[in-house]
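Let me give you the structure first, and then I'll get to my questions.
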């Protein structure tokens, strides 16, 4: 697996990953393009011959936020998300972030387990974060 920084030329690829990974929670084409071109964001692609996942992080001062991470279904549970998380955390540290936060659906047990394994801790529950009755955990890790 190879991880690389994504640019505006990767917009269609990232949109395909977004469509494959997320339902109504996916970002619009305009939002993804903004994340690919705004200096406060960094987006990464993981490839295994073909692109199989992406992740975006927003860094502001000492705080970083994992904005999005997705791996296409047939490549999940094979280490791609961990590789993306390592790239995101490395980028956040290199920009001076002291901590990174994320939100994850309380129903997404595989992702929660990965985050816990990577050293994240649950700080609280965000009621209705993904819509009515769809709560999320707010998780944080010191970098």
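For segment 102-127, which positions are outside any loop (DSSP other than H, G, I, E, B), in contact with a strand residue (DSSP E or B) (Cβ under 6 Å, 6 or more places away or on another chain) and closer than 20 Å to residue 53 by Cβ?
Once the filter is applied, which keeps residues that are outside any loop (DSSP other than H, G, I, E, B), in contact with a strand residue (DSSP E or B) (Cβ under 6 Å, 6 or more places away or on another chain) and closer than 20 Å to residue 53 by Cβ, segment 102-127 yields 102, 103, 104, 105, 111, 112, 115.
Assess whether residue 7 counts as being touching a residue at least 12 places away in the same chain (Cβ under 8 Å), more than 15 Å from the chain's Cα centre (by Cα) and on the phi > 0 side of the Ramachandran plot.
no
Next question, about the same structure. Tell me whether segment 84-95 contains one or more residues that are loosely packed, with under 15 Cβ neighbours inside 10 Å, under 17 Å from residue 64 (Cβ atoms) and in contact with a strand residue (DSSP E or B) (Cβ under 6 Å, 6 or more places away or on another chain).
No, segment 84-95 has no match at all.
Further question on the same structure: Looking only at segment 53-60, decide whether some residue is over 18 Å from residue 88 (Cα atoms) and without any contact (Cβ under 8 Å) to a residue 60 or more places away in the chain.
No; the residues of segment 53-60 include none that is over 18 Å from residue 88 (Cα atoms) and without any contact (Cβ under 8 Å) to a residue 60 or more places away in the chain.
Give segment 57-67 a look and list any residue that's surrounded by 24 or more Cβ atoms within 10 Å (Cβ to Cβ) and within 10 Å of the chain's Cα centre (by Cα), or say none.
If the condition is that a residue be surrounded by 24 or more Cβ atoms within 10 Å (Cβ to Cβ) and within 10 Å of the chain's Cα centre (by Cα), then 57 is the only one that fits.
All of the numbers you see were taken from the coordinates with simple rules; none came from a lab. This one's a predicted model, so the numbers in the text were calculated from it and none came from an experiment. Virtual Cβ from ideal backbone geometry, glycine too; neighbours counted across all protein chains shown.
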